[in-house]
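The values are calculated or read from the model by the stated rules, or taken from the named source; none is laboratory data. What you see is a predicted model; the values in this text were computed from it and never measured. Note: ideal-geometry Cβ built from the backbone for every residue, glycine included; neighbour counts use all protein chains shown. We work out accessible area using only protein heavy atoms, side chains counted, and drop any ligands, DNA or RNA first. Shrake-Rupley method; radii C 1.70, N 1.55, O 1.52, S 1.80 Å.
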Amino acid sequence: MQSILQNNIIKLTQELIIIPSYESQTKSLYHILDVVLENIPKNYQIEYFEDEGIKSVLICNTLTRPDKFRVLFNCHLDIIP
């Protein structure tokens, strides 16, 4: 039997994989980021960045950004052939 968390992860993954995510489709890339951010708990700290028109975020599972990270995950939410 799947837990609520597992069901939420599956639902979010299904939602994300149907969104076109090529580099040239900026609106879709921003939509993907918005979908992800909508699913981040409110007590997480989100730091926004933009470089040459490309948006990214750093999400911490704390209210403030730590001086040092014990674990850091890095991922892309787009598919670029």
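Observations, loosely collected:
- Within region 22-50, the set of residues being outside any loop (DSSP other than H, G, I, E, B), at pLDDT below 90 and open to solvent by 100 Å² or more (accessible area, probe 1.4 Å) comprises K27 only.
- Exactly one residue among Q2, Q6 is assigned to a helix (DSSP H, G or I) and either without any contact (Cβ under 8 Å) to a residue 12 or more places away in the chain or open to solvent by 70 Å² or more (accessible area, probe 1.4 Å) (or both), and that residue is Q6.
- Candidate set from region 51-71 (those that are at negative phi and out of contact with any strand residue (DSSP E or B) (no Cβ under 9 Å at 6 or more places or on another chain)); member that is modelled with the lowest pLDDT: I54
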